[in-house]
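The values are calculated or read from the model by the stated rules, or taken from the named source; none is laboratory data. Bear in mind the structure is a predicted one, so any value in this text is a computation, not a measurement. Methodologically, a virtual Cβ is constructed for each residue, glycine included, from the backbone with ideal geometry; neighbour enumeration extends over all protein chains shown. These accessible areas exclude ligands, DNA and RNA; they are computed on the full protein's heavy atoms, side chains included. Shrake-Rupley method; radii C 1.70, N 1.55, O 1.52, S 1.80 Å.
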Amino acid sequence: MKSAACYLLATMDLDGGAGNNKRVFNRHGTDSSKNQKVCFHWRAGKCTRFPCSFLHSEPSHPSGSAAAASSSSTANGSGAPKRFADDSRFSGSVQRRGPNFKNNHNNSWGRMGANNKVVRKTEEVCNYWVQGNCTFGDKCRFLHSWSLGEGFSMLNHLDGHQKLLSGIVLPAGMDKLFTGSKDETLRAWDANSGQCTGVINLGGEVGCMISEGLWLFVGIPNAVKAWNTQTNQEFSLSGPAGQVYAMIVGNGLLFAGSQEGILAWKFNAVTNSFEPAASLKGHTLPVVSLMVGANRLYSGSMDHSIKVWSLETLQCLQTLTEHTNVVMSLLCWDQFLLSCSLDQTIKVWVASENGNLEVTYTHNEEHGMLNLRGMHDLESKPVFLCACNDNYVRLYELPSFSEG
C-alpha cells in the first residue's frame, strides 16, 4: 500500500487502460487543443488574478460522453450496470467438468457472451476532497469516494503507521484487526471503533502476516514471530535467511518463503513449541508468494517461476515458467490456480489429463499485479480482487474477468 494509513476499502480504477490524455479529456469535458483549462486556484476559491488566463467555470461535458455513459448504464436493458453473461457457467464448469475439461475449458474464461463490449468511464478522486477542502460538494466533477461501483463503501480510516503497510489480518471470530508495517511495528485495532488498542515494536520490517486459528504469524528479517491470540504466548521461529516475504499453513505445517527458499515448522503440543520440519530448495531467487490447495504447495518467486510441491513428500512435482517477471501472488479457486505477476498478466492454470498444470487463460493489464484475493459477493457470485502497482485495487467477476 502506498500510504501509511490503512483504508478498509481501496479505490478501483475502471478506466481499463486509458492514457493520461484521455483522462484529461474525460475530466474536463473539453478538447485539450482549445487550451480551455480550469483554474485550480479558482477551484480552491483562492484565485487573485484578474483577468485570469484560465477558466473560472466548469466546462460542460460533451454530448458524446453523456451518451456513452447512458449507453453503459443501460447496456443490459435493465438500467443496471452490465454484469458478465451466464454466471452459472463458472460453477458448472468447475463442478461438472470431467476428464474432457481440457478440450473446452476456454469456453468460459475471459468471455462475456454475445455483445460483450463494456463502456468504461474514467473517474479520478478529488484531491481537494481528500484534503477536506473541496467547495463543490455534490457538483464536483471528481470522485468524492474511495471506490467505484456498487456495493462498497468505506468503513473506517485507520491512521497510525509511519511507513508502508505490508500486512493486514482480520482473524476469523475476532473483533480485532492487526496490521504490520515497514515502520517495524505491529498494531492491533478495534474492528468496531477503529481505535488502535496496542503497538508492538518488532525490531524489523514486516514482510508479511497471516492468521491461522488462534495463531498470528508475522514475518520479519531472519525470523517469524508467532502469537497465540488466546493465551498471548509469543514465539520466535529462527531459520529464515533475510526477509520473510510469504507464509501459509498446510497439512499441519507452517511454511515461510524467504530469500533462500522455503522453510517449514510443525507445532509440538507436548513441548508447546514450533520445531523445524523441512527446507524446500529449488528456486534460484527469493520466494515471495505461497498458496496451498489440492494437497499441493505452490510457490512463486522472483526467478519468474512457480513450483508445485507435494504436501505429503515435500518434493517438487512441476515447475511453471510461463511468467516473465516476479510471480507476486497465487490463488487457488476450486480446481484452478490463478497467478499474478509484475509482467502485467494474470494466468489461470488447470490440470491436464496427465496431471500437470497448464495455462488455460491469460488476462492482460497495463500495470503489474501485486496481490490476489477471492470471495463471493452478496449474490454468491465468484469474484476476486487484484491489487496493482498503480495504487488501485480492481474487482473482477469470474470467469469473464469483467470489472465489477
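For the subset of the stretch 281-307 comprising residues that are aliphatic (A, V, I, L, M) and either open to solvent by 10 Å² or more (accessible area, probe 1.4 Å) or in contact with an Asp or Glu (Cβ under 6 Å, 6 or more places away or on another chain) (or both), which member is modelled with the lowest pLDDT?
ALA294
Is there any pair with a first residue in the stretch 255-283 that is closer than 23 Å to THR321 by Cβ and a second that is polar (S, T, N, Q) and outside any strand (DSSP E or B) whose Cβ atoms are under 8 Å apart and which are 6 or more apart or on different chains, and what are they?
Note: pairs meeting the criteria are SER258/GLN243; GLN259/GLN243; HIS283/SER305.
Which condition does GLN230 not pass, out of (1) open to solvent by 10 Å² or more (accessible area, probe 1.4 Å); (2) over 30 Å from SER305 (Cα atoms); (3) not in a loop (DSSP other than H, G, I, E, B); (4) not β-branched (Val, Ile, Thr), if it passes all the others?
All conditions are met except number (3).
Tell me the residue from ARG111, ARG120, ARG141 that is touching a strand residue (DSSP E or B) at 6+ places or on another chain (Cβ under 8 Å), assigned to a loop (DSSP other than H, G, I, E, B) and either surrounded by 13 or more Cβ atoms within 10 Å (Cβ to Cβ) or at pLDDT 80 or above (or both), please.
Going through ARG111, ARG120, ARG141 in turn, just one is touching a strand residue (DSSP E or B) at 6+ places or on another chain (Cβ under 8 Å), assigned to a loop (DSSP other than H, G, I, E, B) and either surrounded by 13 or more Cβ atoms within 10 Å (Cβ to Cβ) or at pLDDT 80 or above (or both): ARG120.
Listed residues ASN389, ASN354, ASN295; which is within 28 Å of VAL125 (Cα to Cα) and not small (Gly, Ala, Ser)? Walk me through it before giving the result.
Working: ASN354 fails: within 28 Å of VAL125 (Cα to Cα); ASN295 fails: within 28 Å of VAL125 (Cα to Cα).
Step by step, each of ASN389, ASN354, ASN295 is checked, and only ASN389 is within 28 Å of VAL125 (Cα to Cα) and not small (Gly, Ala, Ser).
Among the residues of the stretch 308-315, is there at least one that is open to solvent by less than 40 Å² (accessible area, probe 1.4 Å) and out of contact with any Leu (no Cβ under 7 Å at 6 or more places or on another chain)?
The answer is no, given that none of the residues of the stretch 308-315 is open to solvent by less than 40 Å² (accessible area, probe 1.4 Å) and out of contact with any Leu (no Cβ under 7 Å at 6 or more places or on another chain).
Could you tell me which numbered condition MET247 fails, if it satisfies all but one of (1) buried (at least 20 other Cβ atoms within 10 Å of the Cβ); (2) aliphatic (A, V, I, L, M); (3) not in a strand (DSSP E or B)?
So MET247 meets the others, but not (3).
Can you tell me which of GLY239, GLY257 is more than 17 Å from LEU317 (Cβ to Cβ), touching a Leu at 6+ places or on another chain (Cβ under 6 Å) and buried (at least 23 other Cβ atoms within 10 Å of the Cβ)?
GLY257
Just one of the numbered conditions (1) modelled with pLDDT under 85; (2) within 26 Å of LEU290 (Cα to Cα) is not true of GLN131; which one?
(2)
For the stretch 367-377, does any single residue satisfy the condition of being out of contact with any Ser or Thr (no Cβ under 7 Å at 6 or more places or on another chain) and farther than 27 Å from LEU165 by Cβ?
No, every residue in the stretch 367-377 fails to be out of contact with any Ser or Thr (no Cβ under 7 Å at 6 or more places or on another chain) and farther than 27 Å from LEU165 by Cβ.
Determine, yes or no, whether GLY374 is surrounded by fewer than 19 Cβ atoms within 10 Å (Cβ to Cβ) and in a strand (DSSP E or B).
yes
Taking the stretch 388-404 as the region of interest, how many residues are outside any loop (DSSP other than H, G, I, E, B) and either in contact with a Lys or Arg (Cβ under 8 Å, 6 or more places away or on another chain) or among the charged types (D, E, K, R) (or both)?
5
Provide a single number: the residues in the stretch 264-283 that are closer than 15 Å to SER310 by Cα and part of a strand (DSSP E or B).
Total meeting the criteria: 5.
With respect to the numbered conditions (1) in contact with a Cys (Cβ under 8 Å, 6 or more places away or on another chain); (2) farther than 15 Å from TYR245 by Cβ, which one is the sole condition not fulfilled by VAL327?
(2)
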